[in-house]
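Trainee: Here it is, the structure, as structure tokens.
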Amino acid sequence: MIRSDATFDGTFAFAPHFTGAPGFQMHYVDEGPRGGEVVLCLHGEPTWGYLFRHLVPVLGRTHRVVVPDHMGFGKSETPQHRSYWLQDHIDNLERFVVALDLRDITLVMHDFGGPVGMGLAARHPDRIRRVISTNGPTPFGQADLVDRITVNARTSPWFQWIAKAEADGTLEPVLGQLGFNILSTLKLNGFQNNALITDAWLAAYSAPFANPADCLGAIGWAKGFATGAHRFETPDASAERAIRQKPALAIWGDADRTLRAEHFLPLFSALFPHAPIERLAGVGHYCLEDAPDDVTTLISAFIQRT
């Protein structure tokens, strides 16, 4: 866990907030005016709220921007007795949102933040105002969901490595040293913008994983796919009808090697057939790192017009 006051040379100078509502100390950023719409930013593997550092100050001028770190990531606690499957993260997020009574939520989801956020939407569709995917899957009971995940896993270097490493017993030892191999993990997933790499940037992404005990979140997310432990939330008919009517936007870096556009954008379009899709050429899996200005502009404009 990172020190609560760590700013990484001022690149993440947001006041830290904590809640014990999910059963552990969950860190979150909470910027912007209270009382209005909320933008809830959900990170994935192996990142944390730092991923949204460019988006927060821009949207925070007009919206309350809330950025939690999932259990085992960022400045949040990594409890040693908990499991780290998708359904656990959905439970945690639900408790967090209910405790803060967040409403009129615009979901901004990256990577596994997608299934976590869509799990929240399935349980609380009345709290959701908009859905924005930034290289984040939008599973919501689509009939071909499992088939698409399976086909993607056959060609994704990350998922290929997960399967091999779980089979030969190296998954936990390798990801248990994530503080040392964070850059190679990010590159395997499709991080493209090498100009961003500074000592502060590397420290920000490696600091949450200082020792194997700190890596349970990252290990759990990978191991859950390898072992089939993750459970996607399936909406009931009323939740599906409600979410289908929400304004939605997909922003997808086309150079994503982990979650390929041809496999996951059809899931988005099946749920939101008339929603805009912005595909960014040369941008990888971490689109908020590879093209932060473009992504921020697209999100801001979409929120303003909807």
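Trainee: Just to be sure I understand, how many residues within the range 167-180 are assigned to a helix (DSSP H, G or I), farther than 24 Å from T134 by Cβ and in contact with a Phe, Trp or Tyr (Cβ under 9 Å, 6 or more places away or on another chain)?
Mentor: 4
Trainee: Given the conditions (1) open to solvent by less than 70 Å² (accessible area, probe 1.4 Å); (2) at negative phi, report the number of the one that D199 does not fulfil.
Mentor: Among (1) open to solvent by less than 70 Å² (accessible area, probe 1.4 Å); (2) at negative phi, D199 violates only (1).
The rows are residues; the columns are (1) within 13 Å of the chain's Cα centre (by Cα); (2) of a type in the set (G, A, S).
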residue	(1), (2)
F14	no, no
H27	no, no
W48	yes, no
G60	no, yes
D69	yes, no
F73	yes, no
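Trainee: Could you run through the range 91-119 and say how many residues are at positive phi and under 12 Å from the mean Cα position of the chain (by Cα)?
Mentor: 1
Trainee: Which condition number does G35 fail, the rest of (1) at pLDDT 95 or above; (2) surrounded by fewer than 22 Cβ atoms within 10 Å (Cβ to Cβ) being met?
Mentor: Among (1) at pLDDT 95 or above; (2) surrounded by fewer than 22 Cβ atoms within 10 Å (Cβ to Cβ), the lone unmet condition for G35 is (1).
Trainee: What do you reckon, is F52 under 19 Å from L120 (Cβ atoms), modelled with pLDDT of 95 or more, touching a helix residue (DSSP H, G or I) at 6+ places or on another chain (Cβ under 9 Å) and surrounded by fewer than 19 Cβ atoms within 10 Å (Cβ to Cβ)?
Mentor: no
Trainee: Checking the structure you have, find out if any residue of the range 202-219 is surrounded by 21 or more Cβ atoms within 10 Å (Cβ to Cβ), assigned to a loop (DSSP other than H, G, I, E, B) and out of contact with any strand residue (DSSP E or B) (no Cβ under 9 Å at 6 or more places or on another chain).
Mentor: For the range 202-219, residues surrounded by 21 or more Cβ atoms within 10 Å (Cβ to Cβ), assigned to a loop (DSSP other than H, G, I, E, B) and out of contact with any strand residue (DSSP E or B) (no Cβ under 9 Å at 6 or more places or on another chain): absent.
Trainee: Something else about it: Among the residues of the range 151-174, what is the count of those that are open to solvent by 30 Å² or more (accessible area, probe 1.4 Å), among the hydroxyl-bearing types (S, T, Y) and modelled with pLDDT of 95 or more?
Mentor: Here the count works out to 1.
The values are calculated or read from the model by the stated rules, or taken from the named source; none is laboratory data. Note that the coordinates shown come from a computational prediction; the quantities given were computed from them, not determined experimentally. No Cβ is skipped: glycine too gets one built from the backbone with ideal geometry, and neighbour counts run over all protein chains shown. Protein only, heavy atoms only, side chains kept; ligands, DNA and RNA dropped before computing areas. Shrake-Rupley method; radii C 1.70, N 1.55, O 1.52, S 1.80 Å.
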